[in-house]
Every structure is written in C-alpha cells, then in structure tokens.
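Engineer: Can you keep this structure in mind? I'll have questions shortly.
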Amino acid sequence: MQENEISAIIIDCALKIHKILGPGLFENVYETALEYELQNHGLYVQTQVPIPLVYEAIKLEAGYRVDILVENKVIIEIKSIEAIAPVHRKQLLTYLRPSNKKLGLLINFNVEFLKDGIIRLVNNL
C-alpha cells in the first residue's frame, strides 16, 4: 500500500473520530482512538515510536518520539491546540528526515472542522 492510500484511510478515520468525540480533548485520547480505528482497517500501527538522532559521534537511541507510525511509511503528529504554529510543521519535517519517511500528517483535533486541522507534509518528493 502506498503513502497516498494510507493517508486517505488515516484522514477518513480522523474525520470519524472528530465527528464522534469533537474537539477539546487531550492528545492521548485522539491518539488511542486513531490507533484503534487504523488497526480496525487492518493497518500496522505503532505509537510513540522512538527515532534515533545522530549528532557527529553521538547517537541518541530516542532522539524523538513519533506519535503514530502507520505501515512503517506515514508519520502522524497529533495535536489538540488552539492553532498550528510554524514550529509544529518544522517538528514533523524533523521527524520525517532522520526516519527517511516520505509523508507526514499533522492533525490538530482542536478545531471546529477537522479539514482545517490537517496538514500534509512531504520529505524529498
């Protein structure tokens, strides 16, 4: 399954969750619900995945933690905040680069209409 197909399923699941739960809950609630929905679609899902960080001769085994990794291809960063700031986009790009993943979704569930809270970012395309 390609990244675009995976992202379509992710977005459908996120829309369902937002419709049922609405905005304003903690990020871990949305993360757990999204993990459940994606697994119900038969996707391989990992949460809080450590990404090693290498700086010169130093290797940190868990330099970052990705909220959700789907099919080992798409990174999802979940937020439940007032507004997405430029630093949140940079955060997701920083996760994409060292992990060599091509696609990331930044999903802010704390919005009235979820379509306004979804940002798609690509790495090296």
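What follows draws every value from the coordinates through simple rules; no lab data is involved. On a predicted model such as this, the values are computed, not experimentally measured, just so you know. Glycine gets a Cβ as well: all are built from the backbone with ideal geometry, and neighbour counts include every protein chain shown.
Engineer: For the Cα atoms of the chain, what angle does the longest principal axis make with the long axis of helix 86-99, in degrees from 0 to 90, nearest 10?
Structural biologist: For 86-99 against the chain, the angle is about 60 degrees.
Engineer: Report ³J(HN,Hα) in whole Hz for each residue of region 38-48, in order, from the Karplus equation J = 6.51 cos²θ - 1.76 cosθ + 1.60 where θ = phi - 60°; Gly and Pro get x.
Structural biologist: 5, 5, 5, 8, x, 8, 7, 10, 10, 10, 6
Engineer: I would also like to ask the following. Farthest toward the dipole's positive end in the chain, which of Tyr44, Gly22, Leu93, given Cβ charges of +1 (Lys, Arg) and -1 (Asp, Glu) about the Cα centre?
Structural biologist: Of the candidates, Leu93 comes out farthest on the positive side.
Engineer: Nearest 20 debye, what's the magnitude of the dipole of the chain about its Cα centre given +1 on Lys and Arg Cβ and -1 on Asp and Glu Cβ? The partial results should precede the final answer.
Structural biologist: Values: 13 positive and 15 negative charges, 68 e Å.
Dipole magnitude for the chain comes out near 320 debye.
Engineer: Based on the Kirkwood radius over alpha-carbon pairs, what value in µm²/s does the Stokes-Einstein equation return for the translational diffusion coefficient of region 1-91 at 10 °C and 1.306 mPa s? List each step's numbers first, then the result.
Structural biologist: Working: Rh = 14.4 Å.
Answer, rounded: 111 µm²/s.
Engineer: Mind checking which of Ile20, Ile76, Ile11 has the largest fluctuation in a GNM of the chain, springs on alpha carbons under 10 Å?
Structural biologist: Ile20
Engineer: When the chain is modelled as a GNM with alpha-carbon springs shorter than 10 Å, which of Leu21, Leu60, Leu106 fluctuates the most?
Structural biologist: Comparing Leu21, Leu60, Leu106 in the GNM, the peak value goes to Leu60.
Engineer: Around Lys79, which amide H atoms from residues at least 5 apart in sequence, or from another chain, sit under 5 Å from its own amide H, with H modelled in the peptide plane?
Structural biologist: When sequence neighbours closer than 5 places are left aside, the close amide H contacts are Ile107, Asn108, Phe109.
Engineer: Here's a follow-up. Quick one: of the DSSP bridges fully inside the chain, what percent are antiparallel, nearest 5?
Structural biologist: Details: 17 of 23 bridges.
In the chain, approximately 75 percent of DSSP beta bridges are antiparallel ones.
Engineer: Please list, in order along region 4-13, the HN-Hα scalar couplings obtained from phi with the Karplus expression 6.51 cos²θ - 1.76 cosθ + 1.60 (θ = phi - 60°), rounded to whole Hz, x for Gly and Pro.
Structural biologist: The phi angles translate into 5, 5, 5, 5, 5, 5, 4, 5, 4, 5 Hz.
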